Amino acid sequence: MLIKETDYGTPASVSKELVTLTIDGSEVTVPAGTSIMRAAMEAGTEIPKLCASDMLESFGSCRMCLVEIEGRNGTPASCTTPVSPGLVVKTQTQRVKDIRRGVMELYISDHPLDCLTCAANGDCELQDMAGAVGLRDVRYGYDGANHVFDTQANLPNTNFLSKDTSNPYFTYDPSKCIVCNRCVRACEEVQGTFALTITGRGFDSRVSAGMSESFLASECVSCGACVQACPTATLSENSLIETGQPEHSKVTTCAYCGVGCAFKAEMRGEEVVRMVPYKDGKANRGHSCVKGRFAYGYATHKERILKPMVRESINDPWRETTWDEAIGRVASEFKRIQNQYGKGSVGGITSSRCTNEDVFLVQKLIRQGFGVNNVDTCARVCHSPTGYGLKTTFGESAGTQDFDSVEHSDVILVIGANPTDGHPVFGSRMKKRLRQGARLIVVDPRRIDLVKSPHVSADYHLALKPGTNVAIMTSMAHVILSEGLENTDFIKSRCDVAAFEEWRAFVMRDRNSPEAMEAYTGVPADEVRAAARLFATGGNGAIYYGLGVTEHSQGSTTVMALANLAMATGNIGRPGVGVNPLRGQNNVQGSCDMGSFPHELPGYRHISDVATRTLFEADWNCTLNPEPGLRIPNMLDAAVEGSFRALYIQGEDILQSDPDTHHVASGLAAMECVVIQDLFLNETANYAHVFLPGSTFLEKDGTFTNAERRIQPVRKVMSPINGYGDWEITQLIAREVGLDWNYQTPIEIMDEIARLTPTFTGVTYDKLERLGSIQWPCNEEHPEGFPVMHVENFTRGLGLFMMTDYIPTDERTGPRFPLILTTGRILSQYNVGAQTRRTDNVVWHEEDRLEIHPHDAEQRGVNDGDWVTVRSRSGETALRALLTDRVAPGVVYTTFHHPMTQANVVTTDHSDWATNCPEYKVTAVQVSPSNGPTDYQEEYSDFAEKSRRIVAVDAAE
Amino acid sequence: MSMNKKLVDMINQIARNTAIQGDERAIAATADHVRKFWDPRMRAGLMAHLADGGAGLDDIARAASMKLAASNAPEVHNAD
Ligand code: SF4
Ligand code: SF4
Ligand code: SF4
Ligand code: FES
């Protein structure tokens, strides 16, 4: 069955006041401000419409939705006419019938009649409306002016525009356009990019991307909102054009970023026809970005590995084999290595891209099966400071709000995050609020898009020097306290007052004033003062932050500084405020919740806690090791030093994603058994001995937890072409090492999670089915979840102010390395790019480039597009330069989506003091002109190619 | 040796970031942090380095290491 959300025609009204009217003889009660169209739909009557959709503000251009109202003249449009008390509305009268039919006739007279061969056949609102108004014939021929035929009377038809197929994922066929303006409004209102306009007037009006450019050449970011909004086939997904209309669909969750957009996977059999954002998805409200909507082709990419493989040494080619042999090898090697080198010589890494259920099993296998706590997750390298910082100050390792909260914010502080690229759908929702008038403070070394984009501009952009977040946040607090702008009531009633007093004395020191800190941050003191005043006095203040906060040597300290700022201004515990991490990967929150850290059992309980351990020991029938295990960087250190020898990596590519590549490589090379479970032969697999082909999110059931703590279902829509879901593979290993695991479905795994984790007690698949999603904590106190945290009390009781002393990183610039390199990501690519590089998204980002300020470039004789080497204390790599003043002089910037770039050869092993989260965001470098890739890059790509050789299974074996 | 140097750098960094709380609390916080987040072999490495004179340890880090050594020599059952 195909899931179809109801389209009410116009957005819901938020008014509390109720209005009663009569529609077609029945009384209807709706909130004031509701349109007549919506009121009718809520009562079950669908008024014909073409230009209206409840994703968009009403427009009133098509004249299909006319109604008659007793005592009023004419035939008002029901989409633009609000209800008022006592109205008596008739939706179907001879008069409106005639008008609608006449309008329809005009539309159809300038529309091709090729319905049978049209991609939208069966899903076209124009078709539906022709049916709804009883259109039976069209009196006008096609001989007159039209947009349908390329020639007319044997002459070229100047009104005809040919198809635009420049975008790899959708086609624009202007001959089918009815100029309803829905696409233009979707691009403005939903996406906020303003790439589309209607050019011309009347008969000449046409939809146009940019300044009459192709879609690809325009500002379009390929989010697909316009395609979804289009009532006709004018804008259609290419996959739909190629495959035909879907016949059933399932709601599932995007596997790319931490926004966690809900999608309908629209299917024909086991083939995905298209992914359509689900309107009832509470994270995305019917919107998506180019990755989730379009970039799923990697699931069937020819390079995907479908058979298990083994090899004796990393210099051998891979040999395809059976699951039995591969699983047997993992079990026997791990046992051998533990016997030979000690229990603690093995460990595992869980994936933030896998489901909660997948992750839970990996950490269980390591703890229960191997008796160690050497389990970590790639969240280590991105958001571990969030857990530490928020747990310390608030008592819970998670963001405080839901995404809807931003609709109530008055001042938004964005620090170290680039929402329009990294978290695009949330970025769109934030921009919508900014267009409504919320104020914006951006703290970032680089001029990110939010600072200046159509109809949005930041009130303050504090372009600080990389590595000085703590300095700037503490000095903002200094301004607030010294000018008496703090929220004393909140502090007194909600926070630990003694800690506050100590913090106040610390913050008030002269050295924490913006004037004193200017020397470090490079930001003029009066700008910091003005921004601090705005944040403290501008109404609901919300803080959003990303990896630009966490990936520093003082990442945890910055998170605590943000928490201090929110508490001092009373911006906690209601919609519109809060401290909100924007998580990188789709299930970073979930993988942390599921006990992926070596010192914690699921639910963030320390491994030394006897009561918690006893609970798990009873359930798992084993004895748990009470000592914290190794974190990823420690595992690599221990490998080099000799005490760590085997690693099971679920869906991560640490060689490419972790800093100081040479160090990671030597750690991996020192191990005797590296097991990779992934979709592709990733870079880390170059050092692996066993490869277990993993499954995609389309091929298994489970749940992801997004950045708002929202647990959402992932639903299997096709059989795993590799044979097993990821949880099943882990179970195979567990059984092989002698554990008595018998999970038939992920439902049983979730039941176990709920049984053992206080914040998940009330979570079941049935409830997820019923509610769609659940924000944890979900337990007796909050049976349906909890959108905004710390409402009456902090989880820890009283909020704890922490002194946040600014300590400059050890990574300093100097004569040899005068520039600071900082790293980030772009919209169309995801993380190390393993998936997105295997889709058409490459048209937007063929290579990683080094952004450098023209001034720095000129000093070095570097022109735009030149090859340059970037050298740090750790290593050097080469890539091409991009001259831009988005970065300040002294700062260079790159992404790390392509393996050839080897950006992490350059990054160092400095890390956050509390969590060892690597300091990706600050590396002192020198940049100089070069002729092309470095020797290392060339050697590496040879090596990578060699280690990807595969020998097929011999049928006789 | 490099492993020890790394451990020394790590504990010194923790010590520097807790120093603002005053010596006594900083020492306790640093020791507690190491106890909570370091695998036994890392703590054992630190203890061995301390026994060797603890070259490179800052004051707070050294005091915290001594506190750890005194509280109970951490069992080394992970690396045996
Ligand atoms: S795909 Fe998105 S950005 Fe591009 S034109 Fe359509 S709505 Fe605008
Ligand atoms: S392209 Fe589609 S949505 Fe846009 S104006 Fe034409 S028919 Fe309407
Ligand atoms: S990548 Fe993120 S923003 Fe884009 S569709 Fe997926 S979850 Fe939504
Ligand atoms: S739907 Fe009301 S005017 Fe188009």
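The values are calculated or read from the model by the stated rules, or taken from the named source; none is laboratory data. Source: prediction; values computed, not measured. Note that we place each Cβ from the backbone using ideal geometry, even for glycine, and neighbour counts take in every protein chain shown. The protein model used for the area step is the full one, side chains on, heavy atoms only, and it has no ligands, DNA or RNA in it. Shrake-Rupley method; radii C 1.70, N 1.55, O 1.52, S 1.80 Å.
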Euclidean distance of C-alpha centroids, the stretch A:337-384 and the stretch A:598-655, integer Å: 6 Å
Normalised contact order of chain A, rounded percent, pairs of Cα under 8 Å and 6 or more residues apart: 13 percent
Radius ratio Rg over Rh of the stretch A:234-311, counting only Cα atoms, Kirkwood formula for Rh: 1.04
Degrees between helix A:632-641 axis and first principal axis of chain A (Cα, 0 to 90, nearest 10): 30 degrees
Probe 1.4 Å, accessible area per residue of the protein assembly as shown, Å²: 36 Å²
Length released on extending from A:CYS115 to A:HIS408, taking residue separation times 0.36 nm less the Cα-Cα span: 101.0 nm
Rel. contact order, % - alpha carbon contacts under 8 angstrom, at least six apart, the stretch A:819-946: 34 percent
Debye log10 I(q)/I(0) for the protein assembly as shown, one point scatterer per Cα, at q = 0.06, 0.10 Å⁻¹: -0.47, -1.27
Cross-link partners of A:LYS492 among aspartates and glutamates (Cα-Cα below 17 Å; sequence separation of 8 or more within a chain): A:GLU501, A:GLU502, A:GLU792
Residue among A:TYR920, A:THR377, A:VAL892 farthest towards the positive dipole end of chain A, charges placed on Cβ: A:VAL892
Relative compactness, the stretch A:18-132, computed as alpha-carbon Rg over 2.2 N^0.38 Å: 1.12
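Mind scanning B:LYS6/B:LYS67; A:LYS97/A:LYS250; A:LYS16/A:LYS282; A:LYS279/A:LYS364 and naming the pairs with a C-alpha gap bigger than 26 Å?
Details: B:LYS6/B:LYS67 20 Å; A:LYS97/A:LYS250 37 Å; A:LYS16/A:LYS282 21 Å; A:LYS279/A:LYS364 36 Å.
Where the Cα-Cα span goes over 26 Å, the pairs concerned are A:LYS97/A:LYS250; A:LYS279/A:LYS364.
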Rg ratio (alpha-carbon, reference 2.2 N^0.38 Å) - the stretch A:370-456: 1.35
For the stretch A:384-581, the Rg and Dmax computed from alpha carbons only, in angstrom: 15.2, 46
Cα-based helix-to-principal-axis angle, A:726-736 vs chain A, degrees rounded to 10: 30 degrees
Percent antiparallel among DSSP beta bridges (both partners in the stretch A:384-581, rounded to 5): 10 percent
Relative contact order (%) - the stretch A:384-581, alpha-carbon pairs under 8 angstrom, separation at least six: 34 percent
Stokes-Einstein diffusion coefficient of the stretch A:151-300, Kirkwood radius over Cα pairs, 25 °C, 0.890 mPa s, in µm²/s: 151 µm²/s
List of the stretch A:868-914 residues, accessible area with partners at least 50 Å² below that of the chain alone (1.4 Å probe): A:TRP913
³J(HN,Hα) computed for each position of the stretch A:205-220 - Karplus, 6.51 cos²θ - 1.76 cosθ + 1.60, integer Hz, glycine/proline x: 6, 9, 6, 9, 8, x, 8, 6, 9, 6, 4, 5, 7, 7, 6, 3
Surface accessible to a 1.4 Å probe, A:LYS716 within the full protein complex, Å²: 80 Å²
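Take the eigenvalues of the Cα gyration tensor for the stretch A:64-193, scale each by 5, and report the square roots as semi-axes in whole Å, largest first.
Each semi-axis is √(5λ); the values are 32, 21, 13 Å.
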Residue-by-residue Karplus 3J(HN,Hα) for the stretch A:696-712, coefficients 6.51, -1.76, 1.60, Hz, glycine and proline x: 8, 5, 7, 10, 8, 8, x, 9, 10, 10, 8, 5, 9, 6, 8, 7, 10
Interface area, B with A, accessible, probe 1.4 Å, both sides summed, Å² nearest 100: 2700 Å²
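How many times 2.2 N^0.38 Å is the alpha carbon radius of gyration of chain B?
Here the Cα radius of gyration is 0.99 times the empirical estimate.
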Antiparallel DSSP beta bridges within the protein assembly as shown, as percent of all bridges there, nearest 5: 60 percent
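Once neighbouring chains are kept in place and the probe is 1.4 Å, which whole percent of the accessible area of chain A is contributed by carbon and sulfur?
Looking at chain A in its full context, I get 50 percent from C and S.
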Distance between the stretch B:9-71 and the stretch A:10-38 - C-alpha centres, whole angstrom: 66 Å
Gap separating the Cα centres of the stretch A:78-113 and the stretch A:156-230, nearest whole Å: 26 Å
Reachable aspartates and glutamates from A:LYS432, criterion Cα separation under 14 angstrom, eight or more residues apart if same chain: A:GLU57, A:GLU188, A:GLU189, A:ASP404, A:GLU407, A:ASP410
Cα-based helix-to-principal-axis angle, A:384-393 vs chain A, degrees rounded to 10: 90 degrees
All Cα pairs of the stretch A:819-946, percent lying beyond 24 Å: 28 percent
